[in-house]
1. When the chain is fully extended, how far beyond the present Cα-Cα distance does Glu56 get from Asp192, taking 0.36 nm per residue of separation?
2. With springs connecting C-alpha atoms under 10 Å apart, model the chain as a Gaussian network and identify which of His42, His104, His70 has the largest mean-square fluctuation.
3. Suppose R0 equals 30 Å. What FRET efficiency, 1/(1 + (r/R0)^6) with r the Cβ-Cβ distance, do Asp97 and Arg121 give to the nearest 0.05?
4. Compute the longest continuous run of the chain that contains no exposed trypsin sites (Lys or Arg not before Pro); treat a site as exposed when its DSSP state is not H, G, I, E or B and it has at most 10 other Cβ atoms within 10 Å.
5. For Lys208, which lysines qualify as cross-link partners when the Cα separation must be under 25 Å and same-chain residues fewer than eight apart are set aside?
6. Sort Leu76, Leu146 from largest to smallest accessible area, using a 1.4 Å probe on the heavy atoms of the protein chains.
7. Comparing Asp120, Asp161, Asp49, which has the greatest mean-square fluctuation in the GNM of the chain with Cα pairs linked when under 10 Å apart?
8. Within the range 123-224, report the GluC sites (Glu not before Pro) that DSSP leaves as loop and that have at most 10 other Cβ atoms within 10 Å.
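The values are calculated or read from the model by the stated rules, or taken from the named source; none is laboratory data. Just so we're clear, the structure is a prediction, and the values are computed from it rather than from any experiment. For neighbour counting, all protein chains shown are included, and Cβ atoms are generated from backbone atoms with ideal geometry for every residue, glycine included. Surface accessibility is based on the protein's heavy atoms, side chains included, excluding ligands, DNA and RNA. Shrake-Rupley method; radii C 1.70, N 1.55, O 1.52, S 1.80 Å.
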Amino acid sequence: KYYMETTVSDICVFMNEYASLTYAEKWDNPGLLLGHVEAPVHKIMVALDLMPEVAEQAIEEEVDLIITHHPYYFHLPSSLAVTDTKMEVMYELIKHDIAVYAAHTNLDAARGGVNDVLADRLGLNDVTEIPRKDCPEQGLARIGVLGEPMELKDFAAYVRDQLGAAHVTFAGGEEPVFKVAVVGGSGADFMDDAMAAGADTLVTGDVKYHVAQKALNMGLNLVD
């Protein structure tokens with residue numbers, strides 16, 4: 001039998017059906033960054049970031065497409081001259097006909113995506129989406145409840161163990177943890193929405209000092 005080859009375009013269509021680019025935050029830059037849309041795809045590599053060692057492995061493994069979570073460029077450079085390591089990596093990938101696709105906040109938001117997986121890993125029940133104004137058709141953050149309330153310190157240790165983290169940091173008061181919002185990545189911008197949805201605790205990442213102070217002042221527990 002004759003089979004049509006899968007192309008970069010086919011993968012883009014599939015990814016967009018699962019995690020639509022319209023779900024992404026406005027500042028984000030997901031989608032196809034590099035490659036011929038009609039190029040055949042036989043082997044795909046998945047990575048969190050397109051680091052030089054990832055590109056090197058992709059070349060060694062004769063990969064056709066790299067799908068990353070974080071976009072290689074959030075803001076495209078004004079010049080294609082090789083003046084840094086990032087552009088050097090791009091040139092090497094072009095030489096070896098390797099395409100690059102990113103699924104970032106659109107994958108965080110998608111049903112069955114990053115935030116649903118995180119909510120599941122944390123054992124949250126009755127999980128729902130927290131609405132967002134910029135994308136009313138698909139929320140990004142999730143909120144759910146624990147089987148029973150926990151002290152914040154115990155919950156932080158639980159998050160650490162469930163996510164296989166070396167350590168976590170947390171901020172909060174005496175308020176027990178029960179209704180939990182979760183946002184993968186740097187989700188501090190969702191603190192107000194989490195509070196409005198009734199969350200007593202937000203689990204997210206990349207929390208800065210002044211953000212933790214704000215959470216304390218709001219009465220919101222925060223686990224980073």
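1. 44.8 nm
2. Maximum among the listed residues: His42.
3. 0.25
4. Looking at the chain, 27-132 is the longest stretch - no exposed trypsin sites (Lys or Arg not before Pro) with at most 10 other Cβ atoms within 10 Å.
5. By straight Cα distance, Lys208 reaches Lys26, Lys133, Lys153, Lys179.
6. Details: Leu76 120, Leu146 10 Å².
Final ranking, largest accessible area leading: Leu76, Leu146.
7. Maximum fluctuation in the GNM of the chain, among the listed residues, is at Asp161.
8. Within the range 123-224, the qualifying GluC sites (Glu not before Pro) (loop, at most 10 other Cβ atoms within 10 Å) are Glu137, Glu174.
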